[in-house]
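Data block below; observations after.
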Amino acid sequence: MKRIPFGIAAAALIATVSGCSTFDSDWDAAKGLATGIEGRWEGTWSSDGNGHQGGLRCLVTRRSDEGLDARFHATYSDWCGTLGFEYTVPLTVKATPEGWRLGGNANLGWLAGGDYDYDGLATLARLFCNFQSAGDHGVFVLERPR
């Protein structure tokens with residue numbers, strides 16, 4: 001049986017116990033505020049490295065320096081229940097004829113696997129992104145919520 005990595009479990013426990021996340025209220029406040037690729041996205045993530053998967057919501061927001069941040073809230077279900085965890089990835093974005101090319105890097109800390117690289121493509125309706133770290137790799141597939 002595959003187990004959730006200790007780091008993800010610990011980070012999820014800390015986030016759950018601390019109760020300091022504003023993701024749900026920020027998610028609700030962003031309803032109907034989609035501009036380009038900014039706004040709300042929802043879908044799934046899956047790891048090709050270990051087979052883990054779960055639900056995923058994302059808020060893409062503009063930073064004061066005109067860059068974009070992708071703030072993710074992911075879930076993972078296992079024999080011990082459903083865990084949620086959050087993290088933010090600063091994005092580089094380049095407009096192309098196919099949509100917006102995305103790239104980014106975030107260090108999620110050694111407990112969650114360290115440095116992750118992200119690359120993908122977004123259109124007005126769909127966001128597809130690859131992720132990779134030294135110990136894992138997989139995809140996000142997101143669409144605008146209905």
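The values are calculated or read from the model by the stated rules, or taken from the named source; none is laboratory data. The structure presented is a predicted model; accordingly, all values stated were derived computationally and were not measured. Glycine gets a Cβ as well: all are built from the backbone with ideal geometry, and neighbour counts include every protein chain shown. What goes into the accessible areas is simple: the full protein's heavy atoms, side chains included, and nothing from ligands, DNA or RNA. Shrake-Rupley method; radii C 1.70, N 1.55, O 1.52, S 1.80 Å.
Helix-derived [θ] at 222 nm for the chain: sum -39500 (n - 2.57) over DSSP H runs of at least 4, divide by residue count, nearest 500?
Numbers: 2 runs with 20 residues, N = 146.
About -4000 deg cm²/dmol.
For residue 48 and residue 77, compute 0.36 nm times the residue count separating them, minus their Cα-Cα distance, and round to one decimal in nm. The partial results should precede the final answer.
On the way: separation 29, 0.36 × 29 = 10.44 nm, distance 1.64 nm.
Full extension from residue 48 to residue 77 adds 8.8 nm.
Provide the per residue accessible area, probe 1.4 Å, for the chain, rounded to a whole number of square angstrom. Please list the in-between numbers first.
Numbers: 8330 Å² over 146 residues.
It amounts to 57 Å² per residue over the chain.
Calculate one ³J(HN,Hα) per residue across segment 135-140 by plugging θ = phi - 60° into the Karplus curve 6.51 cos²θ - 1.76 cosθ + 1.60, and present them in order as whole Hz with x for glycine and proline.
Here the 3J(HN,Hα) series is x, 7, 7, x, 9, 10 Hz.
Taking amide H positions as placed in the peptide plane 1.01 Å from N, state which residues far from residue 54 in sequence (5 or more) or on other chains have amide H under 5 Å from it.
45
Relative to the longest principal axis of the chain, what angle (0 to 90°, nearest 10) does the C-alpha long axis of helix 6-18 take?
70
Take segment 24-78, compute every pairwise Cα distance, and split them into 5 Å bins from 0; I just need the percent in each bin.
Once binned at 5 Å, the Cα pair distances of segment 24-78 give 5, 18, 24, 21, 14, 11, 7, 1.
For the chain, what's the relative contact order in percent, using C-alpha pairs closer than 8 Å and at least 6 residues apart?
On the way: 310 pairs, mean separation 31.9, N = 146.
Value for the chain: 22 percent.
For segment 75-114 and segment 29-69, what is the separation of their C-alpha centers, rounded to whole Å?
Going from one Cα centre to the other spans 8 Å.
Placing +1 at every Lys and Arg Cβ and -1 at every Asp and Glu Cβ, with all other atoms neutral, what dipole size does the chain have around its Cα centre, in debye to the nearest 20?
Details: 13 positive and 17 negative charges, 56 e Å.
The calculation lands at about 260 debye.
Which number do you get for Rg(Cα) / (2.2 N^0.38 Å) in the chain?
Details: Rg = 14.9 Å, N = 146, 2.2 N^0.38 = 14.6 Å.
Cα-based Rg divided by the globular estimate yields 1.02.
Place a point 7 Å from Cα of residue 125 in the direction of its Cβ. Which residues in segment 91-113 have their backbone N less than 17 Å from it?
98-100
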